[in-house]
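Scroll down for the structure; my scribbles are underneath it.
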Amino acid sequence: MTATPRVVVVGGGIVGLCTAWHLVQRGCADVVVCERATAGAGSTGRASGGIRQQFARETEIRMARESVAFWERFEAVFGASMNFRQVGYLYLLTTPALVADAERNVALQVACGVPSRMLDPVGIGALVPEVNLEGVLAGSCCPTDGRAHPLAAVAGLARALRRRGVEIRENSAVTAVTVVNGRVTGVTAGGETLGADWVVNAGGPNAASVGRMAGVDLPVRPVRMHQFVTAPVTGLTPGRPVLVEPATTLFAAEEGEGMLLGMRQPDATGEHVDVDWEFLPDVLRVAAHRIPRLEGVRVETAWAGLVEMSPDHVGIIGSVPEVQGFLCANGLSGHGFMLAPAVGRIAAGLVLDGDVPGIDLATLSPLRFRAA
Ligand SMILES: Cc1cc2nc3c(=O)[nH]c(=O)nc-3n(C[C@H](O)[C@H](O)[C@H](O)COP(=O)(O)OP(=O)(O)OC[C@H]3O[C@@H](n4cnc5c(N)ncnc54)[C@H](O)[C@@H]3O)c2cc1C
């Protein structure tokens with residue numbers, strides 16, 4: 001029997017855990033996950049749990065479709081619920097350019113087997129009568145998109161990994177990656193030295209710092225993102241799709257009897273996750289315009305987290321030739337929860353086979369950012 005490599009995964013978020021899962025599924029017997037805090041304590045535990053397949057590029061559409069299939073089977077495979085509600089995602093399109101992009105994207109999604117479709121304003125009104133259709137020219141919708149509970153997914157995966165012999169070392173920050181003659185040989189984690197044939201950088205918003213430990217420059221930048229949860233609101237359609245308005249970046253999803261609201265905040269860079277309450281009136285104004293029943297609603301709780309942005313907003317999965325055995329699985333730019341199952345399979349394939357058939361690896365490689 002051929003010995004499988006010893007793999008140290010840096011980061012116990014959803015990407016690190018999915019990578020470890022696919023490695024053990026492929027028979028890799030020696031996998032250690034090093035997490036500086038506790039599993040899921042990074043971006044994953046702050047995500048809104050949105051899972052969608054409405055992407056513009058074929059690679060991500062295929063990754064999203066594969067990931068939805070994984071999430072659909074989660075309970076059967078892991079014996080734990082992650083509360084995946086396939087309520088759909090509905091994009092509200094307010095300019096001719098956005099409609100043209102959506103029509104192109106939907107055609108590509110359908111060609112990839114995703115059941116998305118365009119809707120006219122009458123169709124949108126029938127689905128979510130509470131939406132103010134002023135300025136809405138069309139919508140795009142995929143009924144198998146939805147939302148799940150990220151920390152429940154973390155818990156189910158972590159339990160299964162431990163049962164399969166994977167060590168998840170919590171409170172074990174990786175502070176150094178050892179590289180000898182251009183090849184990774186191990187890490188220092190929690191003050192201990194661990195040997196490794198491969199080190200997977202699943203450090204989420206901290207991926208650039210983990211990259212620097214191996215001498216690999218990664219353009220991953222943390223951007224703060226907020227979520228606001230309203231008090232109960234009457235008159236909203238139960239089981240309604242997640243609403244996204246690209247022109248304003250509004251995200252509005254069912255959350256108990258209220259709504260979970262988010263919106264991109266300009267210039268929200270930086271490493272801290274304090275809630276900026278001065279941003280709330282902007283979010284409420286945009287949300288109440290589109291969903292008038294939110295006018296005057298009270299916000300009961302809020303949190304912020306860091307999103308791991310890459311320059312082109314596509315994940316960074318792959319290695320660089322100067323440091324053999326150092327694999328990036330990061331930069332997912334706010335899509336890391338939904339895409340993690342496919343990211344983990346690709347990462348495991350690169351470790352074990354050096355290739356992943358059917359995936360355009362060049363679009364994911366860290367080398368795409370290097371000057372030609
Ligand atoms: C408010 C908000 C809403 C979001 N909504 C969605 C959504 O709806 N859908 C979606 O798909 N995505 C969403 N995201 C993005 C999503 O959270 C991330 O893309 C995803 O969690 C990335 O997973 P990860 O495992 O790469 O990163 P993380 O979950 O951040 O995991 C990385 C882990 O690495 C650990 N770590 C870092 N450095 C070290 C080190 N030196 N040593 C050891 N451990 C280390 C960290 O502690 C962390 O636990 C949202 C993010 C935010 C902030």
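The values are calculated or read from the model by the stated rules, or taken from the named source; none is laboratory data. Predicted, not measured: the structure shown is a model, and the values here were computed from it. Please note: Cβ atoms are built from the backbone with ideal geometry, for glycine as well, and neighbour counts cover all protein chains shown. The area values use the complete protein model at the heavy-atom level, side chains included, leaving out ligands, DNA and RNA. Shrake-Rupley method; radii C 1.70, N 1.55, O 1.52, S 1.80 Å.
Residues are listed down the side, and each one gets a yes or a no for (1) exposed (fewer than 15 other Cβ atoms within 10 Å of the Cβ); (2) farther than 18 Å from Ile291 by Cα; (3) not hydroxyl-bearing (Ser, Thr, Tyr):
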| position | (1), (2), (3) |
| --- | --- |
| Arg104 | yes, yes, yes |
| Ala111 | yes, yes, yes |
| Glu130 | no, no, yes |
| Glu134 | yes, no, yes |
(request) Evaluate segment 255-277: report whether one residue or more is without any contact (Cβ under 8 Å) to a residue 12 or more places away in the chain and more than 19 Å from the chain's Cα centre (by Cα). (result) yes
(message) Checking the structure you have, find out if any residue of segment 187-195 is assigned to a loop (DSSP other than H, G, I, E, B) and either surrounded by 18 or more Cβ atoms within 10 Å (Cβ to Cβ) or not β-branched (Val, Ile, Thr) (or both).
(response) yes
(message) Going through Gly325, Gly336 one at a time, which residue ends up being open to solvent by less than 50 Å² (accessible area, probe 1.4 Å), under 15 Å from Ser67 (Cα atoms) and touching a strand residue (DSSP E or B) at 6+ places or on another chain (Cβ under 7 Å)?
(response) Gly336
(message) Looking only at segment 265-287, how many residues end up being out of contact with any helix residue (DSSP H, G or I) (no Cβ under 9 Å at 6 or more places or on another chain) and assigned to a loop (DSSP other than H, G, I, E, B)?
(response) 7
(message) Can you pull out every residue in segment 10-51 that is outside any loop (DSSP other than H, G, I, E, B) and among the charged types (D, E, K, R)?
(response) Asp30, Arg46
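Here is a yes/no grid of residues against (1) under 30 Å from Ala287 (Cβ atoms); (2) within 21 Å of the chain's Cα centre (by Cα):
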site: Val166; (1), (2): no, no
site: Ala173; (1), (2): no, no
site: Ala176; (1), (2): no, no
site: Gly190; (1), (2): no, no
site: Arg224; (1), (2): yes, yes
site: Gly239; (1), (2): yes, no
site: Leu243; (1), (2): yes, yes
site: Thr248; (1), (2): yes, yes
(request) Could you tell me which of the residues Ala348, Ala342, Ala302, Ala362 is within 12 Å of the ligand (Cβ to nearest atom), at pLDDT 95 or above and in the same structural domain as Gly204 (by TED's automatic domain parsing)? (result) Ala342
(request) Return the total of residues in segment 36-56 being touching a residue at least 60 places away in the same chain (Cβ under 8 Å), open to solvent by less than 70 Å² (accessible area, probe 1.4 Å) and more than 16 Å from Gly146 (Cβ to Cβ). (result) 8
(request) Check Leu161 against each of (1) within 30 Å of Asn201 (Cα to Cα); (2) in contact with a Leu (Cβ under 8 Å, 6 or more places away or on another chain); (3) without any contact (Cβ under 8 Å) to a residue 60 or more places away in the chain and name the one condition it does not meet. (result) (3)
(request) With respect to Ile317, determine if the residue is under 30 Å from Leu218 (Cα atoms), in a strand (DSSP E or B) and within 16 Å of the ligand (Cβ to nearest atom). (result) yes
(request) For Thr237, work out the one condition from (1) exposed (fewer than 15 other Cβ atoms within 10 Å of the Cβ); (2) farther than 25 Å from Gln53 by Cα it doesn't fulfil. (result) (2)
(request) Considering only residues that are assigned to a strand (DSSP E or B) and without any contact (Cβ under 8 Å) to a residue 60 or more places away in the chain, look in segment 124-148 and name the one that is farthest from the chain's Cα centre (by Cα). (result) Ala138
(request) Could you tell me whether any residue of segment 57-68 is open to solvent by 30 Å² or more (accessible area, probe 1.4 Å), within 25 Å of Ala155 (Cα to Cα) and touching a residue at least 24 places away in the same chain (Cβ under 8 Å)? (result) yes
(request) For residues that are surrounded by fewer than 24 Cβ atoms within 10 Å (Cβ to Cβ) and in contact with an Asp or Glu (Cβ under 9 Å, 6 or more places away or on another chain), scanning just segment 295-319, find the one that is farthest from Cys18 (Cα to Cα). (result) Ala304
(request) Among residues belonging to segment 52-70 that are assigned to a helix (DSSP H, G or I) and not aliphatic (A, V, I, L, M), point out the one that is farthest from the ligand (Cβ to nearest atom). (result) Glu58
(message) Against the condition open to solvent by 60 Å² or more (accessible area, probe 1.4 Å), away from the ligand (no atom under 11 Å from the Cβ) and polar (S, T, N, Q), how does Asn83 come out, does it pass?
(response) yes
(request) Run Leu93 past the list (1) aliphatic (A, V, I, L, M); (2) over 16 Å from the mean Cα position of the chain (by Cα); (3) open to solvent by 30 Å² or more (accessible area, probe 1.4 Å) and report the number of the one that doesn't hold. (result) (3)
(request) Can you work out which of the residues in segment 1-51 that are more than 8 Å from the ligand (Cβ to nearest atom) and in contact with a Phe, Trp or Tyr (Cβ under 6 Å, 6 or more places away or on another chain) is farthest from Thr178 (Cα to Cα)? (result) Pro5
